[in-house]
Structures are given as structure tokens and as C-alpha cells.
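Enquirer: Okay, here's the structure, questions in a sec.
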Amino acid sequence: MIMTNLFKNHYAIVCTLLLGISMLMSCSKDDDTPAPKVYPEENPLTLYLSNSGFNQKATNFINSGTYEFGYSFKPKVKGKINAVTFRIPDNATNVKVTIWDAATKAPLRSVVIPNAVANTELRQAIEPLEISTDTEYLVSYNGRSWYKRQKTDGSIAAYPVEAGNILITGFRWGATTSADQKYPVTVSKDYYGGDLSIVFQQVD
């Protein structure tokens with residue numbers, strides 16, 4: 001009887017130890033799982049202007065006709081657009097910004113900037129838009145005022161322009177009205193009109 005009880009107690013101890021080891025191993029495996037990497041956000045505009053040479057000279061245009069302005073781009077890595085940034089040399093209200101599929105010219109996301117203050121950059125969040133490396137996009141705004149940015153000698157830029165994880169493929173504009181939502185088709189390589197940009201974030 002004593003031996004039976006000893007065996008039972010020994011068996012219970014062994015089972016408890018095995019269960020504890022199993023739980024420790026399970027916890028260890030869970031702890032070994034790496035947390036998803038969070039990449040920093042990127043705004044390609046500064047690098048675009050610097051690498052193209054368009055940061056050398058700026059001219060302000062205010063109330064100079066209504067146009068759709070923007071740059072086309074391709075991401076070099078998978079990611080998403082979290083926001084747009086905007087700055088012009090004049091106050092403005094209800095500025096419409098659109099992100100397009102450059103191949104189909106279909107609008108993918110639009111956002112209205114309610115109030116812009118002259119010469120002040122603002123950030124407008126959007127519902128995150130996933131973008132892929134096999135698609136070209138364009139971000140543009142409809143407005144009457146802009147900074148015209150050029151090289152000092154007025155020469156053209158060599159596209160595409162590297163800007164971090166974003167490849168800028170061109171600058172486009174088109175005459176329009178404030179009521180239109182029209183994809184800009186005219187290409188200019190000797191200046192950039194803006195300032196408008198995207199806030200990009202890489203994802204795995």
C-alpha cells in the first residue's frame with residue numbers, strides 16, 4: 001500500500017514536471033516570434049527636388065489659372081500611403097488632392113484639404129492606400145497657385161529620379177477648372193509645380 005502511494009506520488013510529480021517543461025517550451029516559442037517590423041514614414045519630395053536639381057530656383061505663382069499638378073511615381077517596395085502633404089504660396093480652401101492609377105487614369109483616392117495657409121506645409125491623413133511595385137501612380141491637386149521649381153540654368157531633369165523607396169517617374173499638369181477631376185496629361189521635364197507629396201510607409 002505504501003509502495004502504491006509512493007508510486008502514485010512519484011507519477012504525479014513527474015507529470016507535473018513534464019507539464020511545466022511543456023509550458024515553458026511553449027512560452028519560449030511564443031517569445032521567439034519576432035514582432036512585425038514597423039518602418040518609418042517617408043516623404044519623397046525633398047529628395048526629388050534635390051536629386052532633380054529643382055531645388056535651385058523657385059518662383060511663386062498666385063491665382064495664375066486653374067490647373068491639375070502632380071508627379072507620377074512607382075514604389076520600389078511594397079507599402080501604403082498614409083497621408084499627403086501640401087504647401088503653396090497663397091491661402092486656399094477646399095483643395096482637392098487625388099491619387100491616380102497612372103495606366104488606367106482612374107482615381108484611387110481623393111481627399112479635400114479644407115484650409116491651406118500660405119507658405120505653410122500641412123499634412124492631411126487619408127484612409128491608407130496600399131500600393132505595389134508593379135504599378136505606376138500619380139498624385140495631383142487642383143489649384144490656382146503653386147511654386148515653380150527649376151534648375152538655375154533651366155535645363156531638364158533626368159527621369160526617373162531616385163527618392164528613397166519612391167521612384168519619381170515624371171511631372172504632369174493640365175489646364176482644368178475647379179469643378180473638374182481630370183488626369184493631367186502634359187509632361188514637363190524642366191520644372192516641378194507644387195508643393196504636393198505623399199507620406200509613404202513600407203510594409204512587409
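Enquirer: Yes or no: Thr98 open to solvent by less than 60 Å² (accessible area, probe 1.4 Å), in contact with a strand residue (DSSP E or B) (Cβ under 7 Å, 6 or more places away or on another chain), of a type in the set (Val, Ile, Thr) and closer than 17 Å to Thr176 by Cβ?
Expert: In short, yes.
Enquirer: Something else about it: Taking only pairs six or more apart or across chains, which ones have beta-carbon atoms under 6 Å, a first residue in region 182-193 that is at pLDDT below 95, and a second residue that is surrounded by 14 or more Cβ atoms within 10 Å (Cβ to Cβ) and assigned to a loop (DSSP other than H, G, I, E, B)?
Expert: Pairs found: Lys182/Thr176.
Enquirer: Here's another thing I want to ask about it. Output the number of residues of region 23-82 satisfying the condition of being of a type outside the set (Val, Ile, Thr), modelled with pLDDT of 95 or more, open to solvent by less than 40 Å² (accessible area, probe 1.4 Å) and in a loop (DSSP other than H, G, I, E, B).
Expert: Adding up the residues that qualify gives 3.
Enquirer: Report every pair of residues separated by at least 6 positions or lying on different chains whose Cβ atoms are under 9 Å apart, first residue within region 108-129 and free of Cβ contacts under 8 Å to residues at least 24 places away in the same chain, second among the basic types (Lys, Arg) and open to solvent by 30 Å² or more (accessible area, probe 1.4 Å).
Expert: Val112/Lys96; Glu127/Arg109
Enquirer: What single numbered condition from (1) under 22 Å from Leu167 (Cα atoms); (2) open to solvent by 80 Å² or more (accessible area, probe 1.4 Å); (3) touching a residue at least 24 places away in the same chain (Cβ under 8 Å) fails to hold for Asn91?
Expert: Unmet condition: (1).
Enquirer: Another one. Would you point out the residue of region 180-204, among those that are in a strand (DSSP E or B) and hydroxyl-bearing (Ser, Thr, Tyr), that is nearest to Ile99 (Cα to Cα)?
Expert: Step by step, filter region 180-204, then rank; the result is Ser197.
Enquirer: In region 143-173, how many residues are part of a loop (DSSP other than H, G, I, E, B), β-branched (Val, Ile, Thr) and in contact with a strand residue (DSSP E or B) (Cβ under 7 Å, 6 or more places away or on another chain)?
Expert: Adding up the residues that qualify gives 1.
The values are calculated or read from the model by the stated rules, or taken from the named source; none is laboratory data. Small disclaimer: the values here were computed from a predicted structure and weren't measured. Every residue, glycine among them, receives a Cβ derived from its backbone with ideal geometry; neighbour counts consider all protein chains shown. Surface accessibility is based on the protein's heavy atoms, side chains included, excluding ligands, DNA and RNA. Shrake-Rupley method; radii C 1.70, N 1.55, O 1.52, S 1.80 Å.
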